[in-house]
1. Filter region 263-284 for residues that are part of a helix (DSSP H, G or I) and touching a strand residue (DSSP E or B) at 6+ places or on another chain (Cβ under 7 Å) and give the result.
2. With the structure loaded, tell me whether residue 233 is under 26 Å from residue 26 (Cα atoms) and touching a helix residue (DSSP H, G or I) at 6+ places or on another chain (Cβ under 6 Å) or whether it fails that test.
3. Are there any helices (runs of 4 or more DSSP H) wholly within region 1-107 with 2 or more residues that are at pLDDT 90 or above, and if so which?
4. Specify which of the listed residues (239, 286, 264) is more than 25 Å from residue 22 (Cα to Cα) and at pLDDT 95 or above.
C-alpha cells in the first residue's frame, strides 16, 4: 500500500529538502512493522522526527500468528538475536493448527517445508473424519530419518481416500462461494471488536517503542479501491473498529490520519487492486502531505 502511494522525491520538494525513508515489506503486516521499528529505526539510532505507518482496515491488530513459509522467511530476516516481545504475541495467538504447522516445518527438510507444511495442515483439518491419516503422515516424516516403522501400502490407500475427501469438500466450498458472492464485499471488510483483539496484537508493542524512544508515531489508514459507483467498501463493524482505534491512538499520544472517503482519490486512480496507479503517486503524495501538514510542521 505504501510503495505505490508516496513519492519520496515529491516529499522532499514539499518539505523544502526534508528526508523521508520508505520501508516496504510486500504482503507483511503489523508483525513486520514492529520488527522494522525495533531493529531498523530504534536499533539503528535513526532518531526520526516521525514515523508514519500505513495500514488497511484492521491489519494493525492482526497478529499474523501463522505466516506462510515465504512470509516467515521475510520476518526472520527482520529479527534480532532475541525477540521476546514478538514471541509472546505469537504464542498468545497460537492454536493447535499453528503448533502442528511448526512441527511439520521442523520435521521435513527445509527445501520441502512450504508445500509439505501446507499439506500437513490440510490433513489436520481432515483428521476428524480420517484419524489414521495424520498418524500415518507423522510416521512417514519420522521414517525419513530412520525412526520407527512405516506401512507405505496402507499410507497410499489412505491418501486415495483423502484426495476424494478433499475434492468433495472443495466442491461444497465452491458452491458456497457462488451462493455468498452477493455479500462478499461486506464480508471482506468486516472487522473484529477492537477491545477484544488489541491487547494480544503488536500494536501496544509498537506504541511502547514510540513512547520509550520519544518517536512521534502517526498511523495512516489507506482507502480501499472504490466500487464502480464510487462507494468505498466497508461495514458497520469496520466503522466501529476505526472509531475505537482512533480513540486508542489518541490516548497513546499517537497521530491518526484517515485517507478514507477523500473525493480526490477516485476509482480511476487505482490499479485492479487497492494499489494506486504510478501516474497518480505525486498527486496522492500532495493529498497526504496536506492531511499530515501539522506533523511535518512540528
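The values are calculated or read from the model by the stated rules, or taken from the named source; none is laboratory data. Bear in mind the structure is a predicted one, so any value in this text is a computation, not a measurement. Cβ coordinates were reconstructed from backbone atoms using ideal geometry, including for glycine residues, and neighbour counts include every protein chain displayed.
1. Within region 263-284, the subset part of a helix (DSSP H, G or I) is 267-269, 278-284.
Across region 263-284, the qualifying residues are 269, 284.
2. Values: under 26 Å from residue 26 (Cα atoms): yes; touching a helix residue (DSSP H, G or I) at 6+ places or on another chain (Cβ under 6 Å): yes.
Yes: the conditions hold for residue 233.
3. On the way: elements: 8-14, 30-36, 69-78, 84-92, 96-107.
The qualifying helices (runs of 4 or more DSSP H) are 8-14, 30-36, 69-78, 84-92.
4. Numbers: 286 fails: more than 25 Å from residue 22 (Cα to Cα); 264 fails: more than 25 Å from residue 22 (Cα to Cα).
None of the other options fit; the residue is 239.
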